[in-house]
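The values are calculated or read from the model by the stated rules, or taken from the named source; none is laboratory data. What you see is a predicted model; the values in this text were computed from it and never measured. Ideal geometry is used to build each Cβ from the backbone, glycine not excepted, and the neighbour counts take in all protein chains shown.
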Amino acid sequence: MSAIEGDARRKVPTAVLVAACMYAATMIEVVWLTLRRVYLPTDAVVSRYGLVVVVGLAIGLLAGVVTVLARRGPVLLLALAGTGYLAAAVLVAIPGATAGPEAFAAALVEAVRAPVTGWKDVVTLPVPLGEYGATLAVPLALTVTTAAGIVWLGTRPRWWGSAAAVGGGAFAVAIAIGPAARTDLEALPGPFAGLSREILIGLGALGATLAWMLWRMADERRRALRAAGGGIRGERAPGRALGRAVLGVSVLVVAVVVGTAVAVPAAQSSSRDVARTTIEPRLVVDRSVSPLSTYRAYLTDERYDAPLFTVTGVSGDASRIRVATLPFFDGSEFTAVAPDGYTPLRFQRVPSALPMASEQTVALTVTIEGLEGPWTPLPGPLGSAAFGGPRAAALADGFYFAPEAAAGVVTVDGGVAAGDELRITAAFVEASTLAEAGASPGSSGVPADLIPESLRAWVEDQGVTRDGAGLASLVERLRARGYLSHALTADGAPRWVTDLGGYAFQPSAAGHSYDRIDRLFAALVEREAEAGPGASDAQLVAAVGDDEQFAAAVALLAAELGFPARVVVGVRVADTDVHGWTPPVCQEVCRGRNMSVWTEVRSGTGAWIPVDVSPQHENPVSPTVATQREPELPTATDPDRAEPIDAVAALKGRSGGGEAAPVVESGASWFTGWVRAVLGGALVLALLLGPLLAILVAKAVRRSRRRRAAPRAAAEGGWDEYVDLGIDAGLALMPLATRHEVAEAYGTANGVALAALADQATFTREGVEEDDARRAWDMLAADRAELRARQGWWRRLGARLSTRSLLGRRDVTTAAPGHEGVHVDERWRLVSTGPGSSSARRRGA
């Protein structure tokens, strides 16, 4: 019979069982509080979620208590917990499961699936989840497992410490699938200002676990003392217990206060990373090439007339269909990948419907033909999405939506493909103009060192106000003084050149990096300096490019004036440009020539305003400027051949005149980059390995102190080390036995000789010599190897890390005349507390 099976057959004291149930209930409450914001709105009081947690706690406690009282092993525990979970999942956690046989069977399948893959639904659906689908089966499974595991393991004599690991693991799982946003508490004083609800929950979990561990250790010690001699109790110095308690509480309070003072600023300075912030859609977006960087591919002759997707069944007013939204600029390109320090896009799965801010809706059907990549066409903020075609089920399972960007992606391999069908309902957003944007919010989201100095110089030369009206003026002037060009060369008259009629070709390089935008505005500044004041827009044409460069330029102009902005790749299904410079409107079939790019600017009210950015193509660049400018060099746009470029190179690139771009001094904190990584890794290792290293160090210090003592104390210390080795190895504690009896019970080769040598050191006036002490430690080394040879690898490791010999053991040095250095183990130092007991019995007497 194994040790676990033997433990399972023993009777469990009632107090231990009750304490384990109380600890389980406390940790379930911690899990409930952690996940509450995932399932419930802030003001909710009564809900199915609370009922599910209560039922799960009852099932877990019942399974654990029945197994303990029946003195059975984990098989009965798993059977009771599993059966109770399935019953509760079908009857309580999954709505509509009892509507009929088919619904019951489907709910049973979902209940079996939930503990394995249900977390994916929890972390990808928008919160609060309420009672959607089988999402409540996940906290039910977590609650049942945690409660049953804590009760069963917490009552095992040898494995009760594992109950704390079960409780901590449940709390870690709740954090991982919990909300991504913190809930800061207000009106807290001093260093606790900014303390969040999540930190308080964590402190509560820590306090409950410490209380459980301390009580369980104290209870084990009390029972061991009672089992050792009935009425025999250990002698303690007056006030020692109170002093230890006061010291322990003081250390704990100081640790909590200092830890909170350090943790609160650290938590406020970093984002809360949980499972819902690091999910599959972000990986798909990270791996894909920015659609803005490949914009010119749509205008090649091969794809110019190729159908990308069709739009049918339009209901309501729709002016634009967005394919990709790119809110972040890293100096190299606009992308959907958030740089370090920025909150990433939060992609979520879409249930049956999402709440929409507008009562007016737009409904349409998009059928994919030649469009590629993970991005899906959407007319605006999503209300609902349904899928058709041969891959409808895979698309429904792999579709994710980012509300902040009003953009959707599919994680199916290869992205969207011909034949995929999306039936979409979205909110209608009435577009306003930049002139109505009002004052800027003052923060753009683009770092100041990523805005070219030539752009700032051009804005200063324009003399406009730093508000929505001023930004509108800048955009109009930029478009009028720019010139459309989709290529660096025009061999054989491309289709886009032919469709523009009397167009005079001008070369322009692809890309929209810091250096490319810097050269664009440097050309404008140079041209205005040549033309002088009073020149018309036609005389000031100097910036050559297309929607790729001008959308990025407008976004950086908005950032310079303090407006948040983002770049959107998509098509127009209605004419929005009064100048008629934008690509043609998509009429049911959207082709490569219909693809366009625009910029969206957020006003102070939070509304996103779409801005057309295509430059004019009627007034070519002035010949004098064209002949003076050096030819622009192409940049590699083939992602298969592109090489990674250091971000510093993008920021410190060469300007059009060959001068180095100005270096912007930054006052960044030293606590960044590899310093943060090293310190963070060291902290994690310290937290994980610190307690284990502390045990090994404490034993090594104790062993060294005993061995380096005087010969008499060293011989006695060798015996004490021998006893401690046996205790850590799991041998019986024998507080009433003599040294000779202990040595015989332990059964090692040198135990009896070591006991005799220790008795000689303790009970003879002449004591022992230094050679005798050295011989005692040599015998101890041989017996240590013998004890460890009896054990397996795991048991040897457990003995090395055991704290049994460290807890409740203290060496007391007596200074009686003639017995200097004599060490008497307090374990054997006993006084009589009951009739018939000896008045004093010392170890070895």
*Checking GLU436 against (1) more than 30 Å from ALA306 (Cβ to Cβ); (2) surrounded by 16 or more Cβ atoms within 10 Å (Cβ to Cβ), which single condition isn't satisfied?*
(2)
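Per-residue answers, yes or no, for (1) in a loop (DSSP other than H, G, I, E, B); (2) within 34 Å of the chain's Cα centre (by Cα); (3) modelled with pLDDT under 95; (4) closer than 24 Å to LEU299 by Cα:
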site	(1), (2), (3), (4)
GLU528	no, no, yes, no
PRO533	yes, no, yes, no
SER536	yes, no, yes, no
GLN539	no, no, yes, no
GLY562	yes, yes, yes, no
VAL567	no, yes, no, yes
*Would you point out which residue out of GLU102, GLU110 is in a helix (DSSP H, G or I), surrounded by fewer than 17 Cβ atoms within 10 Å (Cβ to Cβ) and in the same structural domain as TYR49 (by TED's automatic domain parsing)?*
GLU102
*Name the residue, out of LEU434, LEU395, LEU422, LEU455, that is in contact with a strand residue (DSSP E or B) (Cβ under 9 Å, 6 or more places away or on another chain) and in contact (Cβ under 8 Å) with a residue 60 or more places away in the chain.*
LEU434
*In segment 53-76, the residues that are buried (at least 20 other Cβ atoms within 10 Å of the Cβ) and either within 29 Å of TYR39 (Cα to Cα) or at pLDDT below 90 (or both)*: VAL53, VAL55, GLY56, LEU57, ILE59, GLY60, LEU61, ALA63, GLY64
*Take segment 404-422 and flag every residue that is surrounded by 15 or more Cβ atoms within 10 Å (Cβ to Cβ) and not small (Gly, Ala, Ser).*
VAL409, VAL410, THR411, VAL412, VAL416, ASP420, GLU421, LEU422
*asked:* Of the residues ALA522, ALA553, only one is in contact with a Gly (Cβ under 7 Å, 6 or more places away or on another chain), outside any loop (DSSP other than H, G, I, E, B) and not aromatic (Phe, Trp, Tyr); which?
replied: ALA522
*Give GLU476, GLU430 a once-over and let me know the one that is charged (D, E, K, R), modelled with pLDDT of 90 or more and out of contact with any helix residue (DSSP H, G or I) (no Cβ under 7 Å at 6 or more places or on another chain).*
GLU476
_Here is a check on your reading of the model: is PHE550 within 37 Å of the chain's Cα centre (by Cα) and not basic (Lys, Arg)?_
yes
*In this structure, does ALA88 turn out to be surrounded by 20 or more Cβ atoms within 10 Å (Cβ to Cβ) and part of a helix (DSSP H, G or I)?*
yes
*Would you check if there is a residue in segment 343-354 being assigned to a strand (DSSP E or B), at negative phi, of a type in the set (Phe, Trp, Tyr) and not assigned by TED's automatic domain parsing to the domain that holds GLU560?*
no
*asked:* Among the residues of segment 417-475, what is the count of those that are of a type outside the set (Ser, Thr, Tyr) and not in a loop (DSSP other than H, G, I, E, B)?
replied: 30
*Across segment 768-807, what is the number of residues that are at pLDDT below 85 and among the aromatic types (Phe, Trp, Tyr)?*
2
*Residue count, segment 124-150 (criterion: farther than 18 Å from TRP32 by Cβ and either at pLDDT 85 or above or assigned to a helix (DSSP H, G or I) (or both))*: 1
*State whether the residues of segment 14-36 include one that is farther than 16 Å from ALA147 by Cα, more than 33 Å from the chain's Cα centre (by Cα) and either at pLDDT 90 or above or surrounded by fewer than 23 Cβ atoms within 10 Å (Cβ to Cβ) (or both).*
yes
*Being surrounded by 21 or more Cβ atoms within 10 Å (Cβ to Cβ) and within 14 Å of ARG788 (Cα to Cα) is the filter here, so list the residues in segment 730-761 that pass it.*
TYR746, THR748
